[in-house]
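The values are calculated or read from the model by the stated rules, or taken from the named source; none is laboratory data. The model shown is predicted, which means the values in this text are computed figures rather than measured ones. Quick reminder, even Gly has a Cβ in these numbers, built from the backbone with ideal geometry, and neighbours come from all protein chains shown.
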Amino acid sequence: MALKYPLTPNPAPKTAEQIAEIHRDPGFGVHFTDHMSIATWKKGAGWADDALVPYGPFQMSPAAAVLHYGQEIFEGMKAYRWEDGSIWVFRPEENARRFNRSALRIVLPEIPEEDFIAAVDRLVAQDAAWVPTGDGERSLYLRPFMFASEDFLGVRATTTATFCVIASPVAPYFAGGVKPVDIWVTDEYARAGIGGTGAAKCGGNYAASLLPQYQGYQHGCDQVLYIEASNKDRVEEFGGMNLFILKQGKLITPALTGTILDGITRKSAIQVAADLGIETEERRITPDELFSGVQDGTITEAFSCGTAAVVTPVNAFKDKRASYQLAQPAGRVTMSLRERLVAIQYGRAEDVHGWMRQVV
Ligand code: PLP
Ligand code: COI
């Protein structure tokens, strides 16, 4: 049965003036819209209690399993306002599919793709006034998530789950637009390993990334690049983004090995690169290849990419021994790819692959 998310309107929605004030300087993930989509799942009964309700706190037992064992998954996606006022979501079916792959890994229930997308559509349509214009690459960040809401302290998969989508008007994750960022490369800490949960978008991966991220900040870096934990022979991804390097004219990104996230921006960047006639390769990149390549100038550009980060150029990689400065941060290939992708998202370039879904 398809979920409909019937509306209970927020009795005190923000005024147009209040929303305009938030849009002037939205930051990232600090302001939330007037509503949220919710549904609950019970083992044996399936999904029910779907609703679009005023944004607000959950009532939850202190014994809820998520609070103890972290049985939680989430997604990140964006709605964009085009110049004609229409509102579009980027590749939502990809997020729905990845959400269900994450659910399988964490033993949460799958949600039918149409019910996931309906939750997003209903929320975006209801809170359409919250979708900023594209100035400064602003957008409405959408955060679908699901958690184990059963009161039970034994360690086993939950029999009750809560699904929710909230929305937040945002600027790009890194303040300062396309300002190239410095990256801390850690081989001391890992966020995921072979057989672990790296390919799932689950809260625990991000909890594991906080300490190395703090270490990165102490070294003046904005993000951390992880090296696979077991053999330390391949660089993987950032705490919240995928990695691309430009080596001798070819864009290279770490292959999907089960330890990193199958990024939708990554996948789209590979397609956009092909459209632009840029050769790409998915394969292992060793730490030595990365560092020596930047040093000897064969790797000239690098960027991180993700929903929140869009495409953000790398200025330098740093580890405990040295700093490796890219020859061309924000170089031609990075910027042309970035420009095309963003133009598709904001309706300024033709959507030849059918990635955009119109909601309003
Ligand atoms: N890798 C990690 C660990 C992430 O958290 C994200 C962000 O969602 C990405 C990669 C990029 O994925 P996507 O492009 O689907 O947002
Ligand atoms: C996203 O890009 O959606 C993420 O989840 C990454 C996080 C750093 C906000």
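Given the options ALA20, ALA2, name the one that is more than 16 Å from ligand 2 (Cβ to nearest atom), assigned to a helix (DSSP H, G or I) and surrounded by fewer than 18 Cβ atoms within 10 Å (Cβ to Cβ).
ALA20
For the stretch 207-217, check the following and say yes or no: at least one residue is crowded, with 18+ Cβ neighbours inside 10 Å, under 25 Å from VAL66 (Cβ atoms) and touching a helix residue (DSSP H, G or I) at 6+ places or on another chain (Cβ under 6 Å).
No, that holds for no residue.
Just for the stretch 190-241: of the residues that are closer than 26 Å to PRO144 by Cβ and hydroxyl-bearing (Ser, Thr, Tyr), which one is nearest to ligand 2 (Cβ to nearest atom)?
Among those that are closer than 26 Å to PRO144 by Cβ and hydroxyl-bearing (Ser, Thr, Tyr), it is TYR206.
Looking only at the stretch 176-205, count how many residues are free of Cβ contacts under 8 Å to residues at least 60 places away in the same chain and either of a type in the set (A, V, I, L, M) or under 30 Å from PRO6 (Cβ atoms) (or both).
Result for the stretch 176-205: 1.
Kindly provide the set of residues from the stretch 323-341 that are aliphatic (A, V, I, L, M), in a helix (DSSP H, G or I) and surrounded by fewer than 19 Cβ atoms within 10 Å (Cβ to Cβ), ordered by number. Please lay out each step first, then the result.
Restricting attention to the stretch 323-341, the residues satisfying the condition of being aliphatic (A, V, I, L, M) are 326-327, 330, 333, 335, 337, 341.
In the following step, the residues that additionally are in a helix (DSSP H, G or I) were identified as 333, 335, 337, 341.
Result: MET335, single match.
Which residues, counting only those in the stretch 228-268, are farther than 30 Å from MET356 by Cα and crowded, with 22+ Cβ neighbours inside 10 Å?
GLU228, VAL235
Looking for something in contact with a Phe, Trp or Tyr (Cβ under 9 Å, 6 or more places away or on another chain) and more than 14 Å from ligand 2 (Cβ to nearest atom) - is there at least one such residue anywhere in the stretch 272-280?
In the first step, residues of the stretch 272-280 are kept if they are in contact with a Phe, Trp or Tyr (Cβ under 9 Å, 6 or more places away or on another chain); the result is 273, 280.
Then keep just the ones that are more than 14 Å from ligand 2 (Cβ to nearest atom); that gives 273, 280.
Yes; the residues of the stretch 272-280 include at least one that is in contact with a Phe, Trp or Tyr (Cβ under 9 Å, 6 or more places away or on another chain) and more than 14 Å from ligand 2 (Cβ to nearest atom).
Among strands (runs of 3 or more DSSP E) lying entirely in the stretch 215-267, which contain 3 or more residues that are of a type in the set (A, V, I, L, M) and assigned by TED's automatic domain parsing to the domain that holds GLY198?
Where strands (runs of 3 or more DSSP E) fall fully within the stretch 215-267 and carry at least 3 residues being of a type in the set (A, V, I, L, M) and assigned by TED's automatic domain parsing to the domain that holds GLY198, they are 223-227, 242-247.
Got at least one residue in the stretch 293-300 being free of Cβ contacts under 8 Å to residues at least 12 places away in the same chain and not acidic (Asp, Glu)?
no
Quick check on PHE32: is it touching a residue at least 40 places away in the same chain (Cβ under 8 Å), surrounded by 12 or more Cβ atoms within 10 Å (Cβ to Cβ), in a loop (DSSP other than H, G, I, E, B) and of a type in the set (A, V, I, L, M, F, W, C)? Spell out the reasoning first.
Details: touching a residue at least 40 places away in the same chain (Cβ under 8 Å): yes; surrounded by 12 or more Cβ atoms within 10 Å (Cβ to Cβ): yes; in a loop (DSSP other than H, G, I, E, B): yes; of a type in the set (A, V, I, L, M, F, W, C): yes.
The answer is yes for PHE32.
Quickly run through the stretch 134-159 and pick out the residues that are closer than 30 Å to VAL178 by Cβ and free of Cβ contacts under 8 Å to residues at least 60 places away in the same chain.
ASP135, GLY136 - these are the residues of the stretch 134-159 that are closer than 30 Å to VAL178 by Cβ and free of Cβ contacts under 8 Å to residues at least 60 places away in the same chain.
Out of GLY216, GLY249, report the one residue that is away from ligand 1 (no atom under 11 Å from the Cβ) and more than 22 Å from GLY331 (Cα to Cα).
The conditions single out GLY216.
I'd like the residue in the stretch 268-281 that is part of a helix (DSSP H, G or I) and of a type outside the set (D, E, K, R) and, out of all such residues, is farthest from ligand 1 (Cβ to nearest atom).
The selected residue is ALA274.
What is the residue count in the stretch 288-307 for residues that are buried (at least 20 other Cβ atoms within 10 Å of the Cβ) and either polar (S, T, N, Q) or more than 17 Å from ILE252 (Cα to Cα) (or both)?
The total comes to 3.
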